[in-house]
Amino acid sequence: MSAASSEEIVNKRGKVSSPVWQFFGYYKSDRSQTNVVCKLCKTVVPAKTGNTTNLMYHPLEHSRIQPTTSVAATPHKQQTTTERYSASVPYDKESKRYKDIMEAVAYHIAKDMLPLSTVEKP
């Protein structure tokens, strides 16, 4: 094991608004906190200007993080588009209207390459 990978990883200084920071930090020696490190596999992950998009996809398990009020909370299993959307739709799942809406939402997300969380927005 290299010295860097055995070095203590500390939390990001200041306010953190993304739950991905429960899985990432900085080596204690990185006083300027410029190189983000995965707490699980000790890999340095590119995150210029504090952008968390790359962090969400490293490794794939981190992309399953659900927004929570507590950064220390354990992430939940990612829901399917159908599960996310059906929780807020008052239509019967067997109705034509429900099926038409689901197809339109799936097409919109796939065509525009949007994140699945799009269906959670107002």
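All of the numbers you see were taken from the coordinates with simple rules; none came from a lab. Keep in mind that what you see is a predicted model, and the values were worked out from it rather than measured. Cβ placement follows ideal geometry from the backbone for every residue including glycine, while neighbour counts extend to all protein chains displayed.
Peptide packing: for 100-112, 30-42, the average count of neighbouring Cβ atoms within 10 Å per residue gives the ranking 30-42, 100-112, highest mean first.
Rounded to the nearest Hz, the phi-derived 3J(HN,Hα) couplings of the stretch 16-33 under the Karplus curve 6.51 cos²θ - 1.76 cosθ + 1.60 (θ = phi - 60°) are 10, 10, 9, x, 5, 5, 5, 9, 10, x, 9, 5, 4, 6, 7, 5, 8, 6, where x marks glycine and proline.
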